[in-house]
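Q: Supplied in structure tokens, the structure appears directly below.
The values are calculated or read from the model by the stated rules, or taken from the named source; none is laboratory data. It should be emphasised that the depicted structure is a prediction, and the values quoted were computed from it without experimental measurement. Please note: Cβ atoms are built from the backbone with ideal geometry, for glycine as well, and neighbour counts cover all protein chains shown.
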Amino acid sequence: MSTRLANNGRLIDRSKPISFLFNSKKMNGYEGDSLAASLLANDQILVGRSFKYHRPRGIVASGAEEPNALINLGEGGYFEPNARATTTETFDGMVAVSQNHFPSLEFDVGAINSKLAQFLPAGFYYKMFIHPRSFWKHIYEPFIRKSAGLGKAPKDRDLDKYEHYYHHCEVLVVGGGIAGIQAAKSAAASGVRVMLVEQTAHWGGRAVVDGVVIDNIAAEEWIKSALSELSAMDNVVIRNRTQGSGIYDHGYALGYERISDHTPGDSRPRHRLWRIRCKQIIVATGAIERPLSFAGNDIPGVMLAAAVRDYVVNYGVSPGDRTVVVTNNDDAYRTAIVLKDAGLDIPIIIDARPKGGGILMDQAIAAGIRVETGRGIAKVKGGKRVTGVSICSQAGEGAVLEEISCDVVAMSGGWSPVVHLWSHCGGKLFWDASQAMFCPDPKNPPLGVDGESMVRVVGVANGHLSSAAVLIDANEQGSVAAVAAGGKTKKLKVAHCNDYVELAILPVWLMPQGANYGLRSKSWLDFQNDVKVIDVQLAAQEGFESVEHTKRYTTLGMATDQGKLSNINGLAILSKSLNMDIPDVGTTTFRPPYTPISMASLAGEARAEFFQPIRKTPMHDWHESNGADWEPVAGWRRVYAYVQPGETTKQSVNREVLNTRKNLGFLDASTLGKIIVKGPDAGKFLDMMYTNMMSNLKVGRCRYGLMCSENGFLSDDGVVARIDDGTWLCHTTSGGADRIHAHMEEWLQTEWWNWKVWTINLTEQLAQIAVVGPNSRKVLEKLGGMDVSSEALPFMAWADGNIGGISCRAYRISFSGELSYEIALPANQGLQFWEMLIDAGTEFGAMPYGTECLHVMRAEKGFIMIGDETDGTVIPQDLGLSWAVSKKKDDFLGKRAQQRSFMDNDNRWQLVGLETLDGSVLEDGAYAISSGKNANGQKNTQGRITSTYYSPTLKKGIAMGLVHNGPSRVGEVISFTKIGTSPVEAKIVSPIFFDPEGKKQNVG
Amino acid sequence: MLDSSFEGYVKVSQSFGQHMFTLRATLSSTKVKTAIKSVLGGPIPKRGFCDTYAGKTVAWMSPDELLITVTGPDSGSIYADLQKALVGQHALLLDVSDSRAVFTLTGTKAPEVLAKLAPMDFHPAKFKVGSFTRTRFAQVAGAVFRVGEDKIILICFRSVQQYMFSLLCDAARQDAQVF
């Protein structure tokens, strides 16, 4: 059984016992435990079920590479699935639940899949679910969806906080082992800003567990003093619990800090995403041990050899009483020696190499451990945990030589450098045959803006397996990186390490090498996704030669661990099946992030109230407390309608329309774009920007104008006012303010850079209020201060003045067809002026109105709306606006485009009014049906609805639409689609439904 | 309006009543330089900086734009003086006081709070006292002046001032310290 030992446990605090729940069972641990260590200490060997066959799964590893020990963590608003037990720190009160089983972890009905394994081969899904076609939607898809995913999806809103942090430095060092620490020291000595990150809570990596001695002191002491040196330096930032998750172009890297995963509810942010900009990145990410492929290697109790000693040394936890060690290299002997020293039983070390290992093997033998060389494991025995192993000759086919009982198998198939970060941004790899590993190829690095290497890999990650070589490499490259990042050359003296000489690894991709089909079908490559040796061999046999295709066909390496344990073994099997060399098969692509990171950390602060900034006008709060039903417009919130008690929103809109037409309405028009254009060439410039003439506009007058894109399509519209001889004010749509300002600046800066024109976007500076209706003049006269009579301020004129004691600019313009003014004034006085209007307007029947009322009124008048009547494919001529397109001007943006044959042509969809025969309201976007069908068998169309409303003024549905040759077909009845029912008939009419002579807006 | 403030590990406060003018003009022009100097009392600041002359702050926005901030009662006359001094020049001067919101962050960790929201480098060697930079804060545009080692003034558009204030307070809350 697995248990807590009386000795060892450098990372735990035995004076601080904690308790937690696993599958509702109370368990005990110590502060400093990983959840995996705590589970093992409580003899919880079985921790989950695999994805496809629901096989029992136990802890395999001790770090980020763990494929099996994934758990549902926390509850309610703190719930998260797929938490990796090996990288989760246990805390008091933790609630953890295992995944992917029903009804329980111990008894799972899904395990029947395992018995059906022979019917679920590689590519099963592709082969099974393709026929018959009709089964997909109602049978196959629901089935696949039900079986998809390991953990449960969270149901509640996340209660934690998250944030970003933008960090700038010259050198980023990823990995806090001795390589990363030495590289950071070396880089920092040059004076540049250095950041050193380590994904776990602890510094030092493997060196401490492996008993490395540096300059005659234990690695742990060396690390401690190096870190205190680094912390004391002003130019160094060091951060544990922070993973270097991804490397991107131009020295951009992501760090993922897990601040309070182990102290939930302490009100600190849970995760912080470090968005790091640096010049050079040093990757010191170590290596991951590889499993060996033998039958039964997935049975709980079969673990990586280094992980077994990690649990003993770091947490004082023994994974079992009797451990069989199986290896193809010297490193696993360390596990045997550590376990023996801890008083545990090592019945045998099985070394696949014919002659075994070097000094470490001699030490093991001297410690009284039995070592058998040239041997392998034929098969592991056991179900939900290991009970023993059958031993065979590695060179044979699996004939059993001996059976040994044990409860743990510690395996080591060699080490794979963690080259992920190097590869994220394009670094290439080479196959180091002598060490049987892919290493970063320094000749093909990820390149920075200057075409030079921006990433360097050091230490074990760079293929240096001895500590002495690690430190020399890290010291050298730390300094080179710092100089490349602008630092001074300063070489530090490297500490000395005494390493044991280790004998070469023997690549073992299958154990025994001639394993028969029965054994191979039980030899796992990917523990989480249940991919076995035979699956990869089948893929090769069926023609999947590319490693990327094999990956997708078999799902090898597609689990949440992204193949950290399985990739190299899988591609080695593939290369053998294809009779190719490993480097010729290559690896699959390494993509960031290195391990899954929380979605919430990517969002950072941008959630709930910060999800999106809401632009608010000066009168926003007044609207809010007066029944505003909001609609989003270009980042703003505008009032759709002011809903009075007992009204539906629709009723409010109708009331607002009728009241404005009969009495008086106020609209908050502050969101309209207002751009000042000034200079000797401003008139010439505006003549280019607008389709109509603006240079001849008289001071004090306004003109409606259209702006087109270079392709002739209508882009924006609005009223332009001539302020003085050299100055114009251009109103744009609310959504157009920033876009049109940028459009103007782009032309001024890139094409007409020698024209003397300045622009300033004044949108935010001014509040603007439309005062609309037959009583509009009366309310302004009541407030007093300026002459707003038709003599002083005729239609399409403006004047500066003072109303009710507030200086303002009044425009006599109308978008409703009523007598109407727009009053612009400094934003800080907007609310005060609005409230004055509301008070003064009471006697005239004033009511505020919203954007829907505005829309209905403009549609009644046949005024177009950018975004309704236009969609980027519509030209002014389509909308009956030819009168606003100058024939006299030599040029304007869009002129040439509008001369193209298919634009300078009446054979287009053009604007008309539409009235249903039954008075009903047409559907927005509905198509006008034409005769015949198109090439796709769809009915032909001859137009579509662009705006459609119920007109309370006319008491019937009115619409505008673009209809083929529309204006020449007035009086014709055509049919429009209506979803779910038969088409609706409508008559083509003039788009001006109300007051076609314009008497109301021109009232004297 | 009354100033509002929040005490986190950095103090965040919003202040009102500043006068701001935007000037578009060719800053390299000698006549423009002379006009500015005659009214504001000093030369045009270098790129990335702002200079203060007796309560009048001039910030470099672009090669053809300055932001002039004035506090106190004589702001109206400074605007008029500037306009007068620029007569005959191709220049556009406008009052933009109402279009902006102004926040001050005070505390040794003011740059740290801003680094959660803005992608720029706040290191004292890169963003010195006297520096002025246009940047973004989370999802909105803004600009920052470093007025002192422990004091940074930030401006943004008025329509997003509530977002900005809440954002700054959230980033400055006591439990969210980075270093």
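Q: How many residues are touching a Lys or Arg at 6+ places or on another chain (Cβ under 8 Å) and either in a loop (DSSP other than H, G, I, E, B) or among the aromatic types (Phe, Trp, Tyr) (or both) when one looks only at the range A:978-999? Before the answer, list the steps.
A: First pass over the range A:978-999, keeping only residues touching a Lys or Arg at 6+ places or on another chain (Cβ under 8 Å): A:984, A:988, A:992-995.
Checking which are either in a loop (DSSP other than H, G, I, E, B) or among the aromatic types (Phe, Trp, Tyr) (or both) leaves us with A:992-995.
Summing the residues that are touching a Lys or Arg at 6+ places or on another chain (Cβ under 8 Å) and either in a loop (DSSP other than H, G, I, E, B) or among the aromatic types (Phe, Trp, Tyr) (or both) in the range A:978-999 gives 4.
Q: Hey, another quick one. Would you tally the residues in the range A:717-739 being part of a helix (DSSP H, G or I) and surrounded by fewer than 23 Cβ atoms within 10 Å (Cβ to Cβ)? Please lay out each step first, then the result.
A: Taking the range A:717-739 and keeping what is part of a helix (DSSP H, G or I), we get A:737-739.
Now restrict to residues that are surrounded by fewer than 23 Cβ atoms within 10 Å (Cβ to Cβ): A:738-739.
Total meeting the criteria: 2.
Q: When the range B:39-66 is examined, which residues are found to be over 13 Å from B:Ser28 (Cβ atoms) and part of a loop (DSSP other than H, G, I, E, B)?
A: If we filter the range B:39-66 for residues that are over 13 Å from B:Ser28 (Cβ atoms), which is where we start, we get B:39-42, B:45, B:48-59, B:61.
Of everything in the range B:39-66, those that are over 13 Å from B:Ser28 (Cβ atoms) and part of a loop (DSSP other than H, G, I, E, B) turn out to be B:Gly41, B:Gly42, B:Pro45, B:Gly48, B:Ala54, B:Gly55.
Q: Among the residues of the range A:23-39, how many are out of contact with any Gly (no Cβ under 9 Å at 6 or more places or on another chain) and closer than 19 Å to A:Ser104 by Cα?
A: 5
Q: When you scan the range A:670-680, do you find a residue that is within 30 Å of A:Ser886 (Cβ to Cβ), surrounded by fewer than 17 Cβ atoms within 10 Å (Cβ to Cβ) and within 14 Å of chain B (Cβ to nearest Cβ), even just one? Break it down into steps so the answer makes sense when it comes.
A: Filtering the range A:670-680 down to residues within 30 Å of A:Ser886 (Cβ to Cβ) leaves A:671-680.
In the following step, the residues that additionally are surrounded by fewer than 17 Cβ atoms within 10 Å (Cβ to Cβ) were identified as A:680.
Narrowing the set further to residues that are within 14 Å of chain B (Cβ to nearest Cβ) leaves A:680.
Within the range A:670-680, one or more residues are within 30 Å of A:Ser886 (Cβ to Cβ), surrounded by fewer than 17 Cβ atoms within 10 Å (Cβ to Cβ) and within 14 Å of chain B (Cβ to nearest Cβ).
Q: Show the residue pairs meeting these rules: Cβ distance below 7 Å; 6+ apart or different chains; first residue within the range A:91-114 and without any contact (Cβ under 8 Å) to a residue 40 or more places away in the chain; second residue assigned to a helix (DSSP H, G or I) and of a type in the set (S, T, N, Q).
A: Listed pairs, sorted by first residue: none to list.
Q: When the residues of the range A:314-345 are filtered to those that are of a type in the set (A, V, I, L, M, F, W, C) and crowded, with 24+ Cβ neighbours inside 10 Å, which remaining residue is farthest from A:Ala410 (Cα to Cα)?
A: In the first step, residues of the range A:314-345 are kept if they are of a type in the set (A, V, I, L, M, F, W, C); the result is A:317, A:324-326, A:332, A:336-339, A:342, A:344.
Then drop every residue that is not crowded, with 24+ Cβ neighbours inside 10 Å, which leaves A:317, A:324-326, A:332, A:336, A:339.
Details: A:Val317: 15, A:Val324: 6, A:Val325: 5, A:Val326: 6, A:Ala332: 8, A:Ala336: 9, A:Leu339: 11 Å.
Filtering the range A:314-345 for residues that are of a type in the set (A, V, I, L, M, F, W, C) and crowded, with 24+ Cβ neighbours inside 10 Å, the one farthest from A:Ala410 (Cα to Cα) comes out as A:Val317.
Q: Here's a follow-up. Pull up the range B:131-154, narrow it to residues that are more than 19 Å from B:Gly107 (Cβ to Cβ) and either out of contact with any strand residue (DSSP E or B) (no Cβ under 9 Å at 6 or more places or on another chain) or among the small types (Gly, Ala, Ser) (or both), then point me to the one that is farthest from the other protein chains (Cβ to nearest Cβ).
A: Per the stated criteria, the residue is B:Ala143.
Q: If I filter the range A:595-612 for residues that are crowded, with 18+ Cβ neighbours inside 10 Å, more than 14 Å from every other protein chain (Cβ to nearest Cβ), assigned to a loop (DSSP other than H, G, I, E, B) and in contact (Cβ under 8 Å) with a residue 24 or more places away in the chain, do I get at least one hit?
A: Checked against the condition, which is being crowded, with 18+ Cβ neighbours inside 10 Å, more than 14 Å from every other protein chain (Cβ to nearest Cβ), assigned to a loop (DSSP other than H, G, I, E, B) and in contact (Cβ under 8 Å) with a residue 24 or more places away in the chain, the range A:595-612 yields at least one hit.
Q: A further question on this structure: Looking at A:Val533, A:Val501, which is the one that is farther than 30 Å from A:Gly191 by Cβ, over 33 Å from the mean Cα position of the chain (by Cα), surrounded by 24 or more Cβ atoms within 10 Å (Cβ to Cβ) and not assigned by TED's automatic domain parsing to the domain that holds A:Ser245?
A: On the way: A:Val501 fails: surrounded by 24 or more Cβ atoms within 10 Å (Cβ to Cβ).
When all the criteria are applied, what remains is A:Val533.
Q: Take the residues in the range A:748-772 that are more than 12 Å from chain B (Cβ to nearest Cβ) and touching a Phe, Trp or Tyr at 6+ places or on another chain (Cβ under 8 Å); name whichever of them is nearest to A:Gly635 (Cα to Cα). Outline the logic, then answer.
A: Filtering the range A:748-772 down to residues more than 12 Å from chain B (Cβ to nearest Cβ) leaves A:750-752, A:768-772.
Add one more test, that the residue is touching a Phe, Trp or Tyr at 6+ places or on another chain (Cβ under 8 Å), and what stays is A:752, A:769-772.
On the way: A:Trp752: 31, A:Ile769: 19, A:Ala770: 21, A:Val771: 24, A:Val772: 25 Å.
Per the criteria, the residue is A:Ile769.
Q: Has the range A:17-29 got any residue that is surrounded by fewer than 20 Cβ atoms within 10 Å (Cβ to Cβ) and in contact with a Pro (Cβ under 8 Å, 6 or more places away or on another chain)?
A: Within the range A:17-29 (the criterion being surrounded by fewer than 20 Cβ atoms within 10 Å (Cβ to Cβ) and in contact with a Pro (Cβ under 8 Å, 6 or more places away or on another chain)), the answer is yes, since at least one residue qualifies.
Q: Now for a separate question. Identify all residues within the range A:831-876 that are farther than 22 Å from A:Lys1000 by Cα and assigned to a loop (DSSP other than H, G, I, E, B); write none if there are none. First the steps, then the outcome.
A: Here is the first cut: in the range A:831-876, the ones farther than 22 Å from A:Lys1000 by Cα are A:831-836, A:838-840, A:866-876.
Correct list: A:Ile866, A:Gly867, A:Asp868, A:Glu869, A:Thr870, A:Asp871, A:Gly872, A:Thr873, A:Val874, A:Ile875.
Q: Could I ask something else about it? So which residues in the range A:622-633 are within 14 Å of another protein chain (Cβ to nearest Cβ) and in contact (Cβ under 8 Å) with a residue 24 or more places away in the chain, if there are any at all? Even if it seems obvious, please write down each step before you answer.
A: So the first thing to find is which residues in the range A:622-633 are within 14 Å of another protein chain (Cβ to nearest Cβ), and the list is A:623-624, A:632-633.
Correct list: A:His623, A:Val633.
Q: Something else now. Out of B:Val129, B:Val147, I need the residue that is touching a residue at least 12 places away in the same chain (Cβ under 8 Å), buried (at least 17 other Cβ atoms within 10 Å of the Cβ) and of a type outside the set (Asp, Glu). Which one? Steps first, answer last, please.
A: On the way: B:Val129 fails: buried (at least 17 other Cβ atoms within 10 Å of the Cβ).
It is B:Val147.
Q: Return yes when B:Val87 is more than 7 Å from chain A (Cβ to nearest Cβ), of a type in the set (Val, Ile, Thr) and over 16 Å from the mean Cα position of the chain (by Cα) and no when it is not.
A: Details: more than 7 Å from chain A (Cβ to nearest Cβ): yes; of a type in the set (Val, Ile, Thr): yes; over 16 Å from the mean Cα position of the chain (by Cα): yes.
Spelling it out, B:Val87 is indeed more than 7 Å from chain A (Cβ to nearest Cβ), of a type in the set (Val, Ile, Thr) and over 16 Å from the mean Cα position of the chain (by Cα).
Q: Within the range A:544-563, how many residues turn out to be part of a loop (DSSP other than H, G, I, E, B) and more than 14 Å from A:Met580 (Cβ to Cβ)? Full working, then the answer.
A: Going through the range A:544-563, the residues part of a loop (DSSP other than H, G, I, E, B) turn out to be A:544-546, A:555-563.
From what is left, the residues that are more than 14 Å from A:Met580 (Cβ to Cβ) are A:555-563.
Residues in the range A:544-563 being part of a loop (DSSP other than H, G, I, E, B) and more than 14 Å from A:Met580 (Cβ to Cβ): 9 in total.
Q: Every residue in the range B:162-179 that is within 15 Å of B:Phe16 (Cβ to Cβ), surrounded by fewer than 20 Cβ atoms within 10 Å (Cβ to Cβ) and within 11 Å of chain A (Cβ to nearest Cβ), please. Write out each step before concluding.
A: From the range B:162-179, those within 15 Å of B:Phe16 (Cβ to Cβ) are B:162, B:164-165; that's our starting set.
Cutting the leftovers down to surrounded by fewer than 20 Cβ atoms within 10 Å (Cβ to Cβ) gives us B:162, B:165.
Once the filter is applied, which keeps residues that are within 15 Å of B:Phe16 (Cβ to Cβ), surrounded by fewer than 20 Cβ atoms within 10 Å (Cβ to Cβ) and within 11 Å of chain A (Cβ to nearest Cβ), the range B:162-179 yields only B:Gln162.
Q: It is to be established whether one or more residues within the range B:95-107 are buried (at least 22 other Cβ atoms within 10 Å of the Cβ) and more than 10 Å from every other protein chain (Cβ to nearest Cβ).
A: Yes.
Listed here are the residues, each with its yes/no results for (1) farther than 29 Å from A:Asn498 by Cα; (2) within 14 Å of chain B (Cβ to nearest Cβ); (3) in a strand (DSSP E or B).
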site	(1), (2), (3)
A:Trp136	yes, no, no
A:Lys152	yes, no, no
A:Asp158	yes, no, no
A:His164	yes, yes, yes
A:Ala187	no, no, no
A:Ala201	no, no, no
A:Gly211	no, no, no
A:Ser228	no, no, no
A:Ile238	no, yes, yes
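Q: Would you mind finding the one in B:Thr52, B:Thr57, B:Thr26, B:Thr30 that is surrounded by fewer than 14 Cβ atoms within 10 Å (Cβ to Cβ) and assigned by TED's automatic domain parsing to the domain that holds B:Val87? Explain how you work it out, then say what you get.
A: On the way: B:Thr52 fails: surrounded by fewer than 14 Cβ atoms within 10 Å (Cβ to Cβ); B:Thr57 fails: surrounded by fewer than 14 Cβ atoms within 10 Å (Cβ to Cβ); B:Thr26 fails: surrounded by fewer than 14 Cβ atoms within 10 Å (Cβ to Cβ).
Criteria check complete, one pass: B:Thr30.
Q: Across the range A:446-475, what is the number of residues that are outside any helix (DSSP H, G or I) and over 24 Å from A:Ala572 (Cβ atoms)? Even if it seems obvious, please write down each step before you answer.
A: Applying the first criterion (outside any helix (DSSP H, G or I)) to the range A:446-475 yields A:446-458, A:463-466.
Cutting the leftovers down to over 24 Å from A:Ala572 (Cβ atoms) gives us A:446-456, A:458, A:466.
The total comes to 13.
Q: Next question. Which is assigned to a loop (DSSP other than H, G, I, E, B) and among the basic types (Lys, Arg), of A:Lys443, A:Lys381? I'd like the intermediate steps shown before the answer.
A: Working: A:Lys381 fails: assigned to a loop (DSSP other than H, G, I, E, B).
Going through A:Lys443, A:Lys381 in turn, just one is assigned to a loop (DSSP other than H, G, I, E, B) and among the basic types (Lys, Arg): A:Lys443.
Q: Same structure again: Does A:His731 count as in contact with a Leu (Cβ under 7 Å, 6 or more places away or on another chain) and at pLDDT 95 or above? First the steps, then the outcome.
A: On the way: in contact with a Leu (Cβ under 7 Å, 6 or more places away or on another chain): yes; at pLDDT 95 or above: yes.
Spelling it out, A:His731 is indeed in contact with a Leu (Cβ under 7 Å, 6 or more places away or on another chain) and at pLDDT 95 or above.
Q: Quickly run through the range A:264-281 and pick out the residues that are modelled with pLDDT of 95 or more and within 13 Å of chain B (Cβ to nearest Cβ).
A: Within the range A:264-281, the first condition is being modelled with pLDDT of 95 or more, and the residues that meet it are A:268-281.
Passing the criteria: A:Arg268, A:Pro269, A:Arg270, A:His271, A:Arg272, A:Leu273, A:Trp274, A:Arg275, A:Ile276, A:Arg277, A:Cys278, A:Lys279.
Q: One residue is enough: does the range A:167-187 have a residue meeting the conditions at pLDDT 85 or above and touching a Pro at 6+ places or on another chain (Cβ under 7 Å)?
A: Our first condition is that a residue be at pLDDT 85 or above; within the range A:167-187, this holds for A:167-187.
Add one more test, that the residue is touching a Pro at 6+ places or on another chain (Cβ under 7 Å), and what stays is none.
No, the range A:167-187 contains no residue that is at pLDDT 85 or above and touching a Pro at 6+ places or on another chain (Cβ under 7 Å).
Q: Considering only the range A:879-970, give the strands (runs of 3 or more DSSP E) lying wholly within it that have at least 2 residues that are surrounded by 19 or more Cβ atoms within 10 Å (Cβ to Cβ) and free of Cβ contacts under 8 Å to residues at least 12 places away in the same chain.
A: On the way: elements: A:909-916, A:927-933, A:939-951, A:956-964.
Where strands (runs of 3 or more DSSP E) fall fully within the range A:879-970, none carries at least 2 residues being surrounded by 19 or more Cβ atoms within 10 Å (Cβ to Cβ) and free of Cβ contacts under 8 Å to residues at least 12 places away in the same chain.
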